[in-house]
Amino acid sequence: MNYIGEHLLPGQIGHFLTILALMASLIASIAYFKANKIVEPVERKTWIDFARKVFFVETLAVFAIFGLIVYIVANHYHEYFFAWNHSSRSLSSKYLLSCIWEDQSEAWTRKEGQSEAGGLNRKGIASYRAANPGSKLSMAVTTKPSKLDPDSKSAKRRKSFCARMGGMKKRLT
């Protein structure tokens, strides 16, 4: 279904360029591999020249994809999830380029590393531990207190957390 005013052409060009870059990468790799196996200098040079030309096509495709992403973000084409999720019309134009790198942070700082109920999920905890070596961060205890053994490690962690956060609700509400 197409909507009036949708900007589908940049996405279609980007899709084509992505496939072109992938195929050019594969062809260049095969050509370089084949050139490495050939002993005869003239035929080897032919394969290397071919591989370089295909690699150049791949490089152009990658830069064109980057240019399309900049174009989509700069024009606020919010029909593309990336532009909708990482840019804003209220953002000054000098910061639009930084929108592209905005989502390159650790998983624990983004939505994908956070649990819907609050806190971090397994991916978020793994990302936090990788960014902070020696961290003892572990999953939140979500089991109801009535279902926990009072002497278990989980019950003690829950009790400790509740003791530390005891006054928070009163101060925030």
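The values are calculated or read from the model by the stated rules, or taken from the named source; none is laboratory data. From a predicted model like this one, the values you see are computed outputs, not experimental measurements. Glycine also receives a Cβ, built like all others from the backbone with ideal geometry; neighbour counts cover every protein chain displayed.
Is segment 4-19 home to any residue that is of a type in the set (A, V, I, L, M) and over 16 Å from Y80 (Cα atoms)? Checked segment 4-19: at least one residue is of a type in the set (A, V, I, L, M) and over 16 Å from Y80 (Cα atoms). Taken as a whole, the condition of being in contact (Cβ under 8 Å) with a residue 24 or more places away in the chain, out of contact with any Pro (no Cβ under 9 Å at 6 or more places or on another chain) and assigned to a loop (DSSP other than H, G, I, E, B) does not apply to E58.
Answer yes if at least one residue in segment 64-76 is closer than 25 Å to G5 by Cβ, in contact with a helix residue (DSSP H, G or I) (Cβ under 9 Å, 6 or more places away or on another chain) and not in a helix (DSSP H, G or I), and no otherwise. Yes, segment 64-76 has at least one match.
Only residues that are in a helix (DSSP H, G or I) and exposed (fewer than 14 other Cβ atoms within 10 Å of the Cβ) were counted across segment 85-99, and they come to 5. Please verify whether segment 116-137 includes one or more residues that are of a type in the set (S, T, Y), at pLDDT 75 or above and exposed (fewer than 12 other Cβ atoms within 10 Å of the Cβ). Yes, segment 116-137 contains a residue that is of a type in the set (S, T, Y), at pLDDT 75 or above and exposed (fewer than 12 other Cβ atoms within 10 Å of the Cβ). Quick one: in segment 26-60, which of the residues that are closer than 26 Å to A83 by Cβ and not aliphatic (A, V, I, L, M) is surrounded by the fewest Cβ atoms within 10 Å (Cβ to Cβ)? If we take residues in segment 26-60 being closer than 26 Å to A83 by Cβ and not aliphatic (A, V, I, L, M), then T59 is surrounded by the fewest Cβ atoms within 10 Å (Cβ to Cβ).
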